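Comments concern the structure below.
Throughout, read-outs are computed from the coordinates displayed, never taken from laboratory work. None of these values were measured; they are calculated from a predicted model. Cβ placement follows ideal geometry from the backbone for every residue including glycine, while neighbour counts extend to all protein chains displayed.
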Amino acid sequence: MSRRAEASRRKVVVAFDCATDATAVALLEPNLDGSGWSAVASVRDELGARHGGGVLLPLIQRLLERAGLGQENVGALVVGTGPGTFTGVRIAVSTGRALALALACPVFGVGTLDAIAAQAIVEMGTVAPYAEGAAVVPLVDARRRQVFAATYARSATGWKAGEIFAAEPGEVVSRVRGGWEGARVLCTGAEVLVDKCRVEDAGATLPRVFDAAYLVLGQERLSGGGKLQADLVKACRAAGGVSVASAPAGQWGSPESVTPIYVRPPDADIHITKMKDPWSGT
């Protein structure tokens with residue numbers, strides 16, 4: 001087999017997210033020894049939060065070219081589905097669906113909070129050993145002086161996520177402890193957000209710059225994350241790959257299965273409601 005033909009058979013996963021303060025993209029491929037995944041390349045564009053529609057596709061293309069790869073090397077897509085900025089979530093989901101159809105590859109949705117939690121869980125034992133045994137609470141900017149958050153706690157099947165909620169950063173720890181008395185809490189996410197959490201003696205903070213690679217890395221540690229890992233390996237290694245046509249519409253791996261997590265209506269809807277009924281308490 002020629003070197004060119006061999007290179008065309010190399011398959012990678014393209015993972016991306018636009019829900020946070022940046023457009024983040026990563027390329028990953030399964031390790032040959034079956035030990036997990038390696039990040040081929042990773043990049044963030046801080047302008048993406050406001051101009052994601054014009055940033056995301058060129059960023060993906062540039063990252064592929066930097067790794068010496070092309071569209072034919074894309075084995076699967078993983079999309080951050082939020083919550084976060086409404087526009088960013090919408091851009092990521094719509095781009096993921098369209099690319100899956102154009103490239104005839106499977107696409108999978110992973111919650112942005114799941115990715116931030118996975119990053120903290122993977123790093124927790126080394127960079128934050130003081131947080132062992134704590135509940136992990138990832139944060140994403142929700143605007144309106146609030147954050148989106150969820151509690152991740154150890155279970156027999158891996159770290160299990162609680163219900164997503166919106167709250168002021170200073171109220172997050174007390175809210176988590178209110179539903180789980182005596183819990184230690186590790187708040188993680190962008191430094192500007194976690195610094196506003198009142199952890200005091202109830203826990204700790206782990207500020208982190210979000211890396212889109214964790215839409216894949218560490219997902220096996222979350223409850224139910226093993227299926228994603230297995231299907232991604234299959235998409236990258238199976239003879240001929242796994243075509244998008246093999247996943248019926250709406251089922252796991254199909255474009256229709258990737259749905260946004262908004263949590264609450266976008267600000268535009270609220271403004272329209274106020275204009276229609278300025279006396280409402282909305």
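Report the residues of the stretch 20-50 in range of a label on Asp195: point 7 Å along Cα→C-beta, backbone N strictly under 12 Å from it. Once the point is set 7 Å along Cα→Cβ of Asp195, nothing inside the stretch 20-50 turns out to lie under 12 Å by backbone N. The packing ranking of peptides 247-253, 144-150, 165-171, highest mean first, is 144-150, 165-171, 247-253, where packing means the average number of other beta carbon atoms within 10 angstrom of each residue. Spatially, the stretch 183-240 and the stretch 52-71 are offset by 23 Å when compared through their Cα centroids. Placing a label point 7 Å from the Cα of Arg175 along the Cα-to-Cβ direction, the residues of the stretch 138-158 with a backbone N closer than 20 Å are 138-154.
Taking the convex hull of the alpha carbon positions in the stretch 25-86 and averaging its projected area over all directions gives 5.1 nm². Taking Rh as the Kirkwood radius, which is the inverse of the mean 1/r over Cα pairs, what is the Rg/Rh value for the stretch 130-207? So for the stretch 130-207, dividing Rg by the Kirkwood Rh gives 0.93.
List the chymotrypsin sites (Phe, Trp or Tyr not before Pro) in the stretch 180-214 that DSSP assigns to loop (not H, G, I, E or B) and whose Cβ has at most 15 other Cβ atoms within 10 Å. Which are they? Answer by residue number: Trp180. Using the Karplus relation 6.51 cos²θ - 1.76 cosθ + 1.60 with θ = phi - 60°, the per-residue 3J(HN,Hα) values for the stretch 23-28 come to 8, 10, 9, 9, 10, 9 Hz, with x marking Gly and Pro. Computed from backbone phi, the HN-Hα couplings of the stretch 149-163 come to 8, 7, 9, 10, 10, 4, 9, 5, 9, x, 6, 10, 8, x, 6 Hz, rounded to whole numbers (Karplus: 6.51 cos²θ - 1.76 cosθ + 1.60, θ = phi - 60°; Gly and Pro given as x). Considering all C-alpha pairs of the stretch 7-128, those separated by over 25 Å amount to 21%. Secondary structure note: in the stretch 130-207, about 55% of the DSSP beta bridges are antiparallel.
How far, in nm, would the chain grow between Ala102 and Lys234 when pulled straight, counting 0.36 nm per residue and subtracting the alpha carbon separation?
Net length gain for the segment: 45.6 nm.
Name the residues of the stretch 160-176 whose amide N is less than 14 Å from a point 7 angstrom out from the Cα of Arg145 along the C-beta direction? Flagged as within label range: 167-171.
For the stretch 34-107, run through the GluC sites (Glu not before Pro) and keep only the ones in DSSP coil with at most 15 other Cβ atoms within 10 Å of their Cβ.
Filter output for the stretch 34-107: Glu46.
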